[in-house]
Every structure is written in C-alpha cells, then in structure tokens.
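Beneath this line is the structure, given in structure tokens, with notes to follow.
The values are calculated or read from the model by the stated rules, or taken from the named source; none is laboratory data. None of the values given here were measured: they were computed from a predicted structure. Note that we place each Cβ from the backbone using ideal geometry, even for glycine, and neighbour counts take in every protein chain shown. Please note that ligands, DNA and RNA were not included when accessible areas were found on the heavy atoms of the full protein model with its side chains. Shrake-Rupley method; radii C 1.70, N 1.55, O 1.52, S 1.80 Å.
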Amino acid sequence: MQTVSTPGTGRGAMSRALDLVFRIQRWLMVACLVVMVVLLFGNVALRYLFNSGINASDELSRLAFVWLIFIGSVLAVRNHTHMGVTMLVERFGPGARRATHLFCQVLILAVLCMWIKGSWDQTAIGMGTRLPVTGLPSGVFNLACLYAAIVMALLTLADIVLTLGGAEPPLDASAVDPLS
C-alpha cells in the first residue's frame, strides 16, 4: 500500500507557516469561485428578469477565473499533483530516480525563470492599460501569472535543495488509482 505524506507533517514552525499560507490560498480559490458564480448568475438573472445587468461582472469574473487557475496550479505544484508519466522512472533504482528527478526539476526551474521574465514584462506593459469598465490595470491578469511563476520557482528550488539534502524525491504521479 502506498502512502502519501501531507506537506508539513512532522516539521517545524516554518512548515506550519507555509501550511497556513497555502490554506489561505485554498480559501482565496473558494472566494474566486464564489465571486464568479455570484456575478455571472446575478448578471444573467438581472438581464432576463429586469433587462439590466452588472456592467463589471464580465471583467471581474474573468479576473477571478484567471487568479483561480493560477492559484490552483501553485497548489498542484506544492502537492505534486500535476500529471506526470512515470512508467520509465519507476523502473529506475533510487540513485537514477534521484538524478532524473533533479534533472527534471532543473529544467522546470529554467522554464519558470523564462516564465517569470515574460510575465514581468507583460505585467509592466499591462499596468499602463486600463480595462474599459472597471478601470483596473489590465496587468492584474498578468500579475496572477507572475505570482504563480515565482511561487512555483520557489517550490521547485526548495524541492531541489531537499532532494540534494537526501530527501526521497516525491512521486509526481502515482500509479495508484485514487478512485479505487
């Protein structure tokens, strides 16, 4: 039977603080989903019932959706729940599995560094452009991308340090079916 340890079990104050930060992120995802549902449902109901609507609902629900996706992807990186193909790596011994994991993490870190630079540039460009209805800078959409890339890079870097320190590489994808 395969067991998956929850992030933060059996560690110190820093781990508990990180658990709190990620718990807050889960609640932010819930808030984004609630904002989307309320605004879109409210807008549809107002249009059909009263022939009016909430002008800012489209922009705000789109903003909530973008932030929901990027916060969710950060949480998936932390919990190692992104999809992975491990049928070859599962056949490796512990040393080769560690080396493969480190190689993949370095590649991920390189891509995230490019992602950080690109999203920084796009955020800077977007801060000068305003959304037509709310007047918010359009860079707030790119800011979600920048936030996700930075946090994912920090999580990847921490994973590299832990793996180099002797920790067992986490399973990126489990062969165990979660529905069974």
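Points to keep in mind about this one:
- Val66 vs. criteria out of contact with any His (no Cβ under 7 Å at 6 or more places or on another chain) and free of Cβ contacts under 8 Å to residues at least 12 places away in the same chain: no
So that you can scan it fast, the table gives a plain yes or no per residue for (1) within 15 Å of Leu154 (Cα to Cα); (2) outside any helix (DSSP H, G or I); (3) open to solvent by 70 Å² or more (accessible area, probe 1.4 Å):
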site: Ile24; (1), (2), (3): no, no, yes
site: Val37; (1), (2), (3): no, no, yes
site: Gly42; (1), (2), (3): no, no, no
site: Leu46; (1), (2), (3): no, no, no
site: Val66; (1), (2), (3): no, no, no
site: Gly72; (1), (2), (3): no, no, no
site: Val85; (1), (2), (3): no, yes, yes
site: Phe103; (1), (2), (3): no, no, yes
site: Leu112; (1), (2), (3): yes, no, no
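- Pairing residues of the stretch 128-146 that are part of a loop (DSSP other than H, G, I, E, B) with residues that are of a type in the set (Val, Ile, Thr), at Cβ distances under 9 Å and at least 6 apart in sequence or on separate chains, gives Leu131/Val140; Ser138/Ile125; Ser138/Thr129.
- Tabulated pairs, the stretch 93-122, first more than 18 Å from Arg78 (Cβ to Cβ) and among the β-branched types (Val, Ile, Thr), second assigned to a helix (DSSP H, G or I) and at pLDDT below 95, C-beta under 9 angstrom, 6+ apart or interchain: Thr100/Val89; Val106/Thr156; Val106/Ile160
- Residue within the stretch 124-144 that is touching a helix residue (DSSP H, G or I) at 6+ places or on another chain (Cβ under 6 Å), closer than 29 Å to Ser15 by Cβ and surrounded by 14 or more Cβ atoms within 10 Å (Cβ to Cβ) present: yes
- A single member of Asp177, Asp172 is in contact with a Ser or Thr (Cβ under 7 Å, 6 or more places away or on another chain), closer than 27 Å to Gly84 by Cα and either open to solvent by 30 Å² or more (accessible area, probe 1.4 Å) or at pLDDT 90 or above (or both), and it is Asp172.
- Among the residues listed as Ser61, Ser52, Ser57, the single one being free of Cβ contacts under 8 Å to residues at least 24 places away in the same chain, of a type in the set (Ser, Thr, Tyr) and crowded, with 17+ Cβ neighbours inside 10 Å: Ser57
- Flag for Ile116 being β-branched (Val, Ile, Thr), surrounded by 13 or more Cβ atoms within 10 Å (Cβ to Cβ) and at pLDDT 95 or above: yes
- Which numbered condition Ile24 misses (of (1) over 25 Å from the mean Cα position of the chain (by Cα); (2) modelled with pLDDT of 90 or more): (1)
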